[in-house]
1. Quickly run through the range C:121-180 and pick out the residues that are more than 8 Å from every other protein chain (Cβ to nearest Cβ) and of a type in the set (Phe, Trp, Tyr).
2. Regarding A:Asn110, is this residue within 13 Å of the chain's Cα centre (by Cα), open to solvent by 40 Å² or more (accessible area, probe 1.4 Å) and without any contact (Cβ under 8 Å) to a residue 60 or more places away in the chain?
3. Name every residue in the range B:27-37 that is aliphatic (A, V, I, L, M), more than 7 Å from DNA strand E (Cβ to nearest atom) and buried (at least 18 other Cβ atoms within 10 Å of the Cβ), in order of residue number.
4. Criterion first (loosely packed, with under 13 Cβ neighbours inside 10 Å, away from DNA strand F (no atom under 12 Å from the Cβ) and over 30 Å from A:Ala156 (Cβ atoms)) does A:Thr76 satisfy it?
5. Considering (1) more than 10 Å from the chain's Cα centre (by Cα); (2) open to solvent by 60 Å² or more (accessible area, probe 1.4 Å); (3) among the polar types (S, T, N, Q), say which one A:Gln56 fails and leave the rest.
6. Scan (1) touching a residue at least 60 places away in the same chain (Cβ under 8 Å); (2) open to solvent by 60 Å² or more (accessible area, probe 1.4 Å); (3) assigned to a loop (DSSP other than H, G, I, E, B) for the single condition D:Gly174 breaks and write down its number.
7. Do we find a residue being among the small types (Gly, Ala, Ser) and surrounded by fewer than 18 Cβ atoms within 10 Å (Cβ to Cβ) anywhere in the range D:95-106?
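The values are calculated or read from the model by the stated rules, or taken from the named source; none is laboratory data. Keep in mind the model is a prediction, meaning the values are calculated, not measured. Positions of Cβ are generated from backbone atoms using ideal geometry, with glycine treated the same way; all protein chains shown enter the neighbour counts. To get the accessible areas, we keep the full protein, side chains included, count just its heavy atoms, and leave off ligands, DNA and RNA. Shrake-Rupley method; radii C 1.70, N 1.55, O 1.52, S 1.80 Å.
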There are 4 protein chains.
Amino acid sequence: MARTIGSHGPTTMEAIRKAGLRLIFQHGYEAMSLRQLAAEVGIQPGSLYNHISTKQELLADLIQDHINDLLRELETALRDKEGAVERLRAFVAFHVSYHMTRKREVFIANSELRSLDPRNYEAVVALRGAYEQRLAEILTDGVAEGVFDVDDVQVATFAIIALLTGLCSWYRPGGRLTKDAIIAAHEKLVLSGVMPRSAKPSPSGRDGIKTE
Amino acid sequence: MARTIGSHGPTTMEAIRKAGLRLIFQHGYEAMSLRQLAAEVGIQPGSLYNHISTKQELLADLIQDHINDLLRELETALRDKEGAVERLRAFVAFHVSYHMTRKREVFIANSELRSLDPRNYEAVVALRGAYEQRLAEILTDGVAEGVFDVDDVQVATFAIIALLTGLCSWYRPGGRLTKDAIIAAHEKLVLSGVMPRSAKPSPSGRDGIKTE
Amino acid sequence: MARTIGSHGPTTMEAIRKAGLRLIFQHGYEAMSLRQLAAEVGIQPGSLYNHISTKQELLADLIQDHINDLLRELETALRDKEGAVERLRAFVAFHVSYHMTRKREVFIANSELRSLDPRNYEAVVALRGAYEQRLAEILTDGVAEGVFDVDDVQVATFAIIALLTGLCSWYRPGGRLTKDAIIAAHEKLVLSGVMPRSAKPSPSGRDGIKTE
Amino acid sequence: MARTIGSHGPTTMEAIRKAGLRLIFQHGYEAMSLRQLAAEVGIQPGSLYNHISTKQELLADLIQDHINDLLRELETALRDKEGAVERLRAFVAFHVSYHMTRKREVFIANSELRSLDPRNYEAVVALRGAYEQRLAEILTDGVAEGVFDVDDVQVATFAIIALLTGLCSWYRPGGRLTKDAIIAAHEKLVLSGVMPRSAKPSPSGRDGIKTE
DNA sequence: TATGAATGAGGGTTCATTCAT
DNA sequence: GATGAATGAACCCTCATTCAT
């Protein structure tokens, strides 16, 4: 049938990824059919296979690309941040920000892990472990520096990640709060949670009021 | 396929629920086939329909029963607890404890909501909202009492729930920590997170509310 | 419980085997679709799977059953036959007769071996080897007895089998020749082929031309 | 399919025919996909259509070319052979030799006839009939000359062809026997089979056992 | 000539569900 | 209650083929 103008190649692949992201986020990997996906993209189901090798590989690619981005951007966010407190603040800010921007990838990477076949699963879990490790290190450092008071670093790591990740379940762009306000709220919660009673978190300097 | 003598109807139903819980937890609702479930129970697929009306209803029942239990037991846990601090502590302890005991139901109730058809979905979300509301009330009360310092009660509510709920992703019975240790760690994290740095509540200076 | 008409159980399986035999014979295993087969049987494609586990297994079953029958019936045909000449005659008569009666199974077992997956292939080839071995033994015995003059037993074995098997490519029931005439013709050809010039085959006493 | 000198079209076309021959022999026509074929040749599937018009036509070409060669070479082999015995011997020698040399074409021409569409099928069957007719004539002549003793020429024709053709199912170059030994064995089998008891076949003078 | 993307049909197979026995 | 056979829809995926580039 008549196709839209323009080079189809890269465009089609991008459309598949985008639509796939949305459909998996909305219905789940198992519940998304390639017929749906193809219809969304505007091609026949079989034509998908000019761009992907398998439904499974599409999922794996989406997740792996996300995790790689996550790790790479975390490095950038933490670069030249000194001290556990500042690094934790940077971690929270980055994590929340990333999760608001790419909440679909994040959600999928968390909820569809079980749909990955073993080989892909191993790879992704390893990368995710590396990410968690970054937070665990910050907490450990902070305890050593005496600025954090954490009973169990592992529990705290998981808890903080869960707390931060949870927001992609409820965050909707254009909601009541600004992005900055949400970041500030989480910074405060997390830092308060891990800092000893005697210390107090330094103000972040943001006011969270949307100004545009 | 061992059958006990007597009326084994209730037994079969219980086996179905149990196996269904496990299979949905493990593979997801969409990925669990009734053939699998029947095989697990030791009957033929068609025989399931002597006990359930629909795959969808099985899911709805499992989730609804869980949420009802959750609410009922929360009432019990909070009964005769006075003061926001003590009530929050009780909430955390109850929530963590319940999630460790019934992590499969909890996980399913969180991850398979999207598989519920609209009518069931509404009902469950309403009940879940009631549960979250209990926590929000505690936080609001605490702020009014001056014992909590929370910028945005809603964000804090979601965050705390996410934090607590996250543990059913990693908790394994028989792990490194005792149940009590995990409860204690979470109590500390949460209470630290919401209590003011000093004895006197510090004005936050940011309200994060959109002003447009 | 008596099976009434319309109660399909064993009947359906038998219909599947029969139709499968015909369709594979006619179009080849690869070219036969399960949709065709189901239509022939009068059920929906998916319903086939109440009776077979796989298209591949259907083929393997058809072939294996045939080969088992072939071996078993050969034993019967050779029982109490004495002497290489008489045994060879019995072999030829049995083989030709069986191939005319069940030419579809025979054809499939020869032509669709390559469609068997490795495990099934091994099993069938082994059984076929056992069958060929029976003929090879007869030839070897005959040479030892001095009644056969064969340069290479293996070549002769393959050749005789091929000669006899070839007839299921052209034999049509109701053709010009009677079954007995065809058997007689092949007995003569084979025995002449392997007996030394000096000996002479016993007259079969049948002329084989249909007289009606 | 015009071939121009200088271009490498012929090369590609030859590669397609060669790979097609091998793949059809190995997997069967239905089971061979043009994607496989293209991969084997080292081009994209769509590019095949610069050389062939259709999968079906590729098969028909391969078979027809083979049959034409077969007939033409048979004429050469029989030229200036006199007498039914010598002509039969020549037929057998030629047939066996050709089948060993080009066993893939032969096998395909026998086993994939059913995959030809009606028009191609008719043409090929007619040519094959002509080939069989040559053998039938030799047998008929021999009976008239009194050197053959055959009850039914048609049965004998089919049987001999089957016997000879069967060897491309088991012959492997480099096996136990030399080409000449195999030819000699078949000459003996066939001639013995059709000659009357009183006559004796002339020795072929070859022993055929590999000595190196 | 070769390519890559598209088509439309169809492949084997699984599914939730029904129902006579 | 349990069963086995049936349904009809849908699944992921492969196919031969076309055609603009």
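1. C:Tyr121, C:Tyr131, C:Phe148, C:Tyr171
2. Yes: the conditions hold for A:Asn110.
3. Taking the range B:27-37 as the starting set, the residues that turn out to be aliphatic (A, V, I, L, M) are B:31-32, B:34, B:37.
Those left that are additionally more than 7 Å from DNA strand E (Cβ to nearest atom): B:31, B:37.
Within the range B:27-37, B:Leu37 is the sole residue that qualifies.
4. No, not satisfied.
5. Among (1) more than 10 Å from the chain's Cα centre (by Cα); (2) open to solvent by 60 Å² or more (accessible area, probe 1.4 Å); (3) among the polar types (S, T, N, Q), the lone unmet condition for A:Gln56 is (2).
6. Here D:Gly174 clears every test but (1).
7. Applying the first criterion (among the small types (Gly, Ala, Ser)) to the range D:95-106 yields D:97.
Now narrow it down to the ones that are surrounded by fewer than 18 Cβ atoms within 10 Å (Cβ to Cβ): D:97.
Yes.
Let's see how each residue does on (1) assigned to a helix (DSSP H, G or I); (2) in contact with a helix residue (DSSP H, G or I) (Cβ under 6 Å, 6 or more places away or on another chain):
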residue	(1), (2)
D:Leu21	yes, yes
D:Gln26	yes, no
D:Tyr29	no, yes
D:Glu40	yes, yes
D:Ser47	yes, no
D:Ser53	no, no
D:Leu58	yes, yes
D:Ile67	yes, yes
